[in-house]
Amino acid sequence: MNRMSQSLILVLLGGAVLRVTVLSTTYVNYVKPGFRPFLIAAGAVVLVLGVVGLVQEWRKPHVTETVPAQGDEDTESGSTHAAAGDHGHHHGHDHSRVSRVAWLLCLPVFAIFLIAPPPLGAFAARSEEAPPPPPALPADAYVPLAADRATSMELGEFIGRAWGDSRHSLAGKKVTLTGFVVRSSKKDRWYVTRMQMSCCAADAIALKVAVLDAERPPDDTWVEVTGTWVAPKTDKIPNGTVAPELAATEVAEIPQPFEPYE
Amino acid sequence: MPDRAVADRTVEIPPDAWGRRSAVAPVMPWVFALVVVLLLLGRFVLTPVLTAPALQTWATVFVAICVQALPFLVFGVLLSAAITAFVPPSFWTRALPRHPYVAVPVAGAAGAVLPGCECASVPVASGLMARGVTPAAALAFLLSSPAINPVVVVATAVAFPQQPLMVVSRFCASLAVAVLVGWVWLRFGRSGWLRVPSRPPASGSSWVAFRDAMRHDLLHAGGFLVVGGLTAATLNVVVPRTWLSSVADVPVLSVVVLGLLAVLLSICSEADAFVAASLTAFSPTAKLAFLVVGPMVDLKLIALQAGTFGRSFAIRFVPVTFLLGIVTSIAVGEVLL
């Protein structure tokens, strides 16, 4: 791989990273919003490195006249390798020569531009598995809810209250949950779902609440569901086996929120 | 024979290279412009077609791994290039103890100061070796720095609010594994297995050397990072996590299974504590194994190590590290958790 291709790959890679961070906000589909400054800095470093390389390369015909020793650095023809007779030895030693594996850096660039990956949705959350029980919090961490109006809360908090709150603060109170629709194999319910991400989409976990008494919108529709918690009929089923349930009174379609993950 | 080969190169290549350059230079900008136009056009033509949910989910996870690792990779490469270009080799002989068996734990403990994840530590360790640091000491640093640095310690404490001992166990077990692997390498390792990246002193200024080292390491390590990202994303989408819960109650097997899961998932060491905390069905010792093995052995790291230090290094180093990671986790888990 010669210097020109190396610089081109760096420009494409840096450009793609800046494309998802500066020119749009697609980066929230992949990482936490707080990660943006680091991504911009890294993208800028890569882009500058590539642009500097390109500029040098275009100027080079004039430079080579004075420093011909530079000329033998960036050849990677098969004949040179055969003549050297020591294929592996040269890889990774000479800084101007990079093995062909660097071409793979084009793959994330193509994925970003051509597939434009959306946030994780119903496919990633398709398994019928219940969400993992959230870390146990002290009982006073859950403040009492208003009795006269619906309280908006995150799915994580709803699941925490449903499973971890000994004072049953959810009982009889109206709440509003925001998430996307995932179908269930059971006829009487569907799931309002949000992915919980701690660092990047690779570690995302699906938080699900089963919605009862409501018509199911198509998969991946973003909705606001208002309703009341349905306490489990027995306490023999341990937490984390079945998703908590919500009897819905109102389901409203909404546009996708800025932060798709919780 | 090698001498002649080198002589042939110097005789033959310059005219060839000049010829290539004059042919390549006018074409390349147009190729570049074409690629950019195709990418922008492809967005309108191909994006509506590439909508299969499985493909999109795979692409999201793949891009997420790459995008998330890039800043750490750039940081590690910057640091490594700075070590190569600006720190004289004599500094390391003075900073580290002369005796290699003592240098290993010192280098392992020094890992506590480099904030970053495993993608940063590979280029830094390679830069250290190139500057004459004993490979075993550089390897101890490579293993310890992603697991015991302040950012990871804080993340672990946040993920396990009820279990402060988990943080202590992770710190101790990770440092112990790093030092043990370093000593094992010192005792049994052969120099032929490890490809120490030699950095010939650059002819130009140290800024030119800095830039060249950075460009080389970034492209090289980045390529292997993509290999790891491809594998991890595929496994992430294909393997359902429900398979795990069936082994959660078996004592030793559950520890090994979570260790293997850490290898397959290739989660950044700054995030793995949150994932470990969500695996509630497993024992604390099994979670500890997940936290100890993950930053030291995972798919993207194996790809990076094989690319940087050679394949014959990786096939020996990776199993030894994995085995010691599991054994140490069980031992530390018995005592502390």
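The values are calculated or read from the model by the stated rules, or taken from the named source; none is laboratory data. All values reported here derive from a predicted model rather than from experimental measurement. Don't worry about glycine lacking a Cβ; one is built from the backbone with ideal geometry, like all the others, and counts go over all protein chains shown.
Structure summary
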| quantity | calculated |
| --- | --- |
| Number of the condition not met by residue B:193 [criteria: (1) over 30 Å from residue B:58 (Cα atoms); (2) more than 9 Å from chain A (Cβ to nearest Cβ); (3) modelled with pLDDT under 85; (4) touching a Lys or Arg at 6+ places or on another chain (Cβ under 9 Å)] | (3) |
| Qualifying residue in the range A:155-164 (condition: in a strand (DSSP E or B) and of a type outside the set (A, V, I, L, M)) | no |
| Filter result (polar (S, T, N, Q) and assigned to a loop (DSSP other than H, G, I, E, B)) within the range A:231-262 | A:234, A:239, A:241, A:256 |
| Enumeration of residues in the range A:1-49 that are free of Cβ contacts under 8 Å to residues at least 40 places away in the same chain, assigned to a loop (DSSP other than H, G, I, E, B) and over 16 Å from the mean Cα position of the chain (by Cα) | A:22, A:23 |
| Qualifying residue in the range B:45-63 (condition: surrounded by fewer than 20 Cβ atoms within 10 Å (Cβ to Cβ), modelled with pLDDT under 85 and assigned to a helix (DSSP H, G or I)) | yes |
| Any hit, the range B:304-315, residues being surrounded by fewer than 21 Cβ atoms within 10 Å (Cβ to Cβ), polar (S, T, N, Q) and assigned by TED's automatic domain parsing to the domain that holds residue B:148 | yes |
| Residue A:42 of a type in the set (A, V, I, L, M, F, W, C) and modelled with pLDDT under 80 | no |
| Total residues in the range A:123-149, condition in contact with a Lys or Arg (Cβ under 8 Å, 6 or more places away or on another chain) and within 7 Å of chain B (Cβ to nearest Cβ) | 2 |
| Tally, over the range A:207-223, of residues that are surrounded by fewer than 17 Cβ atoms within 10 Å (Cβ to Cβ) and in contact with a Leu (Cβ under 8 Å, 6 or more places away or on another chain) | 1 |
| Residue within the range B:280-294 that is under 14 Å from the mean Cα position of the chain (by Cα) and either in contact (Cβ under 8 Å) with a residue 60 or more places away in the chain or buried (at least 21 other Cβ atoms within 10 Å of the Cβ) (or both) present | yes |
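A quick yes/no check of all residues on (1) at pLDDT below 85; (2) part of a helix (DSSP H, G or I):
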{"residue": "B:177", "(1), (2)": "no, yes"}
{"residue": "B:183", "(1), (2)": "no, yes"}
{"residue": "B:202", "(1), (2)": "yes, no"}
{"residue": "B:207", "(1), (2)": "yes, yes"}
{"residue": "B:243", "(1), (2)": "yes, yes"}
{"residue": "B:254", "(1), (2)": "no, yes"}
{"residue": "B:258", "(1), (2)": "no, yes"}
